[in-house]
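One structure is given below, encoded as structure tokens.
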Amino acid sequence: NKSSSSPFSHLTPQGDGVSMVDVGYKSISRRVAVARSTVVFPPEVLSAFQLKGKGDGGDGQSQDQNRDGNSATEMIGPKGPIFETAKIAGIMGAKKTSDLIPLCHPLPLDRVDITIRLVNNTAVIECECTVTHKTGVEMEALTGASIAALTIYDMVKAVSHEVEIGRTVLVGKSGGKSDYVRDDVDVGGGR
């Protein structure tokens, strides 16, 4: 028996219907959310693509950094730069969140920033979304990270279907009613 003080703000007091939360009374504030997703590659995927890192000297010569256990910042394949394409897709996904998640408010995002780095055999994707509005951007950050991960999978699946999209988590948020920082997220992208 749900009461009107239900913690589920999208449910009616009786629990028999859904509605979009009324945020009209909330104050406008700057809100930021960061989400992380990972994509784990089997060895044959890493061998099939050119890897580039910050230390490639700008001359286009890859130092194959992840094969030495360090991080790389790009994978290049027949379709082009995989991580850069995934960043664009993630940004587009964050902007379309309210079209994908039925009860999300459409938000005029101030900024979406996606970073992707290759740590050993794992692509670590972070999506940071910022808005000045009455509701938070957690779902936009989670959607951006998820769509970037799906795009990476799409661009490497011809080599192996053993690619694994790992967990997607909210790393932190600020602004609004309360701040949050997740304390169990491995910085290296572990699962």
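Summary of computed values
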quantity: Tally, over the range 138-168, of residues that are in a helix (DSSP H, G or I) and touching a residue at least 40 places away in the same chain (Cβ under 8 Å); calculated: 18
quantity: Flag for Pro106 being touching a helix residue (DSSP H, G or I) at 6+ places or on another chain (Cβ under 6 Å), open to solvent by 60 Å² or more (accessible area, probe 1.4 Å) and farther than 23 Å from Val39 by Cα; calculated: yes
quantity: Check on Asp179, at pLDDT 95 or above, among the charged types (D, E, K, R), in contact with a strand residue (DSSP E or B) (Cβ under 7 Å, 6 or more places away or on another chain) and over 25 Å from Gly53 (Cβ atoms); calculated: no
quantity: Any hit, the range 165-173, residues being surrounded by 17 or more Cβ atoms within 10 Å (Cβ to Cβ), at pLDDT 95 or above and more than 13 Å from the chain's Cα centre (by Cα); calculated: yes
quantity: Conditions (1) surrounded by fewer than 20 Cβ atoms within 10 Å (Cβ to Cβ); (2) farther than 23 Å from Ser19 by Cα; (3) of a type in the set (D, E, K, R): number failed by Glu126; calculated: (1)
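The values are calculated or read from the model by the stated rules, or taken from the named source; none is laboratory data. Here the structure is a predicted model, which is why all the values come from computation and not from measurement. Methodologically, a virtual Cβ is constructed for each residue, glycine included, from the backbone with ideal geometry; neighbour enumeration extends over all protein chains shown. Please note that ligands, DNA and RNA were not included when accessible areas were found on the heavy atoms of the full protein model with its side chains. Shrake-Rupley method; radii C 1.70, N 1.55, O 1.52, S 1.80 Å.
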